[in-house]
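**Q** Mind having a look at this structure? Questions to follow.
The values are calculated or read from the model by the stated rules, or taken from the named source; none is laboratory data. As the structure is a prediction and not an experimental result, all values here were calculated from the model. Backbone-built Cβ (ideal geometry, glycine too); neighbour counts: all protein chains shown. In case anyone asks, the SASA skips ligands and DNA or RNA and just uses the protein heavy atoms, side chains included. Shrake-Rupley method; radii C 1.70, N 1.55, O 1.52, S 1.80 Å.
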Amino acid sequence: IRLFQTEVCMINFITDLTLANLDNGYYKITQDLVIQVDEETFTVPKGFVTNLANTPKFLHGILPPDDPHYIIAAGLHDYFYSGGYNVSRRKSDRIFFKVMRAEDNSLCLSILMFLAARLFGFRYFRK
């Protein structure tokens, strides 16, 4: 629970996220996405295909997968889950939470999305 307390965390969005819609619920990253989280720098390579946030269809009206408020966090999280970088599920989900907060999402939404990743993410991790 310490994660949810206000902690000093440095997030630096080095490049912007640019996407091409593939019209099937997936998006292709069209230029490298580079994010610094604390002392580590992560790059999601150009060409990576993501569905962004894995929200259940019945929630798409209030939590669309491609909501601009959390697409950077979702794209980075998908890359971690695909096996990009040797990052554990726990660390991936913690970084997801931190980037959600850095994207100015509410604490409530960030916790909700983090808990969903923790509870259901095992289905998608490195699959």
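**Q** Grab the other residues whose beta carbon is less than 11 angstrom from that of P65, score K and R as +1, D and E as -1, and report the net.
**A** -2
**Q** At what distance in nm do the modelled label points of S106 and R126 sit from each other, each positioned 7 Å from its Cα along Cα→Cβ?
**A** Each label point is offset 7 Å from its Cα along the Cβ direction, giving 3.6 nm.
**Q** I'd like the carbon and sulfur percentage of the solvent accessible area for the chain, probe radius 1.4 Å, heavy atoms only, ligands and nucleic acids excluded.
**A** Carbon and sulfur: 55 percent of the exposed surface of the chain.
**Q** What is the sum of charges, Lys and Arg at +1 and Asp and Glu at -1, for the other residues whose Cβ falls under 12 Å from the Cβ of F96?
**A** Local charge sum for F96: +4.
**Q** Among V37, V99, V87, which one moves the most in a GNM of the chain with springs linking Cα atoms closer than 10 Å?
**A** Result for the chain, Cα springs under 10 Å: V87 fluctuates most.
**Q** Cross-link candidates for K98: which aspartates and glutamates have Cα within less than 12 Å, leaving aside residues fewer than 8 places away along the same chain?
**A** Counting by Cα, and skipping residues close in sequence, K98 has these aspartates and glutamates nearby: E7, D38.
**Q** Roughly speaking, what is the stretch gain from H69 to T15, that is 0.36 nm per residue apart minus the C-alpha to C-alpha distance, in nm to one decimal?
**A** That pair, H69 and T15, stretches by 17.8 nm at full extension.
**Q** If you don't mind, there's one more thing I want to ask. Would you work out the charge dipole size for the chain about its Cα centre, treating the Cβ of every Lys and Arg as +1 and the Cβ of every Asp and Glu as -1, and quote it to the nearest 20 debye?
**A** Magnitude of the dipole: close to 640 debye.
**Q** Still on this structure, I have one more. I'd like to check one number: the per residue accessible area of the range 1-91, probe 1.4 Å, reported in Å² as a whole number.
**A** 59 Å²
**Q** If you take every residue apart from L17 with its C-beta less than 13 Å away from the C-beta of L17, what net charge results, scoring Lys and Arg +1 and Asp and Glu -1?
**A** Net charge in that neighbourhood comes out at -4.
**Q** Once you have the Cα-Cα distance between K46 and Q31, take 0.36 nm times their residue separation minus that, and quote the gain in nm to one decimal.
**A** My answer for the length gained is 5.0 nm.
**Q** Give me P(r) over the chain, computed from all C-alpha to C-alpha distances, binned every 5 Å, as integer percentages.
**A** With a bin width of 5 Å, the distribution comes to 2, 11, 23, 26, 23, 13, 3, 1.
**Q** Comparing S110, S92, S82, which has the greatest mean-square fluctuation in the GNM of the chain with Cα pairs linked when under 10 Å apart?
**A** Sorting by GNM fluctuation, first place goes to S82.
**Q** Further question: If each residue of separation counts as 0.36 nm, what is the full-extension length gain between L115 and N86 once their alpha-carbon separation is subtracted?
**A** Between L115 and N86, full extension yields 8.3 nm more.
**Q** Moving on. Run the helix sum for the chain: -39,500 (n - 2.57) per DSSP H stretch of 4+ residues, divided by residue count, reported at 222 nm to the nearest 500 deg cm²/dmol.
**A** -10000 deg cm²/dmol
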